[in-house]
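Reviewing the structure listed below.
Since every read-out is calculated from the coordinates, none of them should be taken as a lab result. Just so it is clear, the model here is predicted, and its values are computed rather than measured. Don't worry about glycine lacking a Cβ; one is built from the backbone with ideal geometry, like all the others, and counts go over all protein chains shown.
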Amino acid sequence: KWVDAMKTQGKKNNKGFSLVELIIVIAIMSVLIGVLAPQYIKYVEKSRVSADEDLADTLLSAGYLMSADEDYCEDLTDGDKIVLSNAGIAVQATKNAVQNGMDEFTPNWKNKKIISKTYASRQYVVLFQGGAGKSAFTVVGSWSP
């Protein structure tokens, strides 16, 4: 009777999962991860591409603002550039107008860079073309091939 009582007692207190149940749960989770992971990676890359394009638009807008402001336009030179790459943003200008304009119109610009795989090997260039002094500049933004 004592042995029968122990067997019955053991079955009442058995509240854990069996090895088979755990393996089934792990198998189901593996299948779900295998199906969902590629979609997640695709959405992350899509958001990075969007962030890169938004940053390029911001740089182009800053270029327009600099070319429209008389204080900056006086010191702009034909051929001044703002270059966005995966290394960061570089200003290639003969005077400090572009550097100062970037500081004013694009806060924290020195920490920005291309983050997507789509644009990783490309550059976005904002080019100032046109006259000297207070004359109007044309601002052109384009992705390199």
Ranking Asn96, Val44, Leu32 by how far each Cα lies towards the positive end of the charge dipole of the stretch 13-128 (+1 on Lys and Arg Cβ, -1 on Asp and Glu Cβ), the top one is Leu32
Distance-filtered residues of the stretch 70-94 - backbone nitrogen under 14 Å, label point 7 angstrom along Gln129 Cα→Cβ: 78-81
Projecting each Cα onto the charge dipole of the chain (Lys/Arg +1, Asp/Glu -1 at the beta carbon, about the Cα centre), which of Phe137, Ser67, Val126 comes out farthest on the positive side? Val126
Förster radius 25 Å - calculated FRET efficiency between Ala51 and Thr138 (Cβ-Cβ, nearest 0.05): 0.40
Collect residues whose amide H, placed 1.01 Å from N in the peptide plane, falls under 5 Å from the amide H of Asn86; neighbours closer than 5 in sequence don't count. Ile114
Tell me the Kirkwood radius of the stretch 37-145: reciprocal of the mean inverse pair distance over distinct alpha-carbon atoms, in Å. 14.4 Å
Under a plain spin-label model, where a point goes 7 Å from the Cα along Cα-to-Cβ, how far apart in nm are Ser18 and Asn86? 5.2 nm
Count the lysine pairs in the chain that are 8 or more places apart or on different chains: how many have C-alpha atoms under 26 angstrom apart? 21
At 7 Å along Cα-to-Cβ for each site, give me the label-to-label distance between Asn111 and Ala68 in nm. 2.8 nm
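For the stretch 74-141, what is the charge dipole size about the Cα centre, in debye to the nearest 20, if Lys and Arg each add +1 at the Cβ and Asp and Glu each add -1 at the Cβ? Intermediate values should be presented prior to the final figure.
Values: 8 positive and 6 negative charges, 88 e Å.
Computed about the Cα centre, the dipole is about 420 debye.
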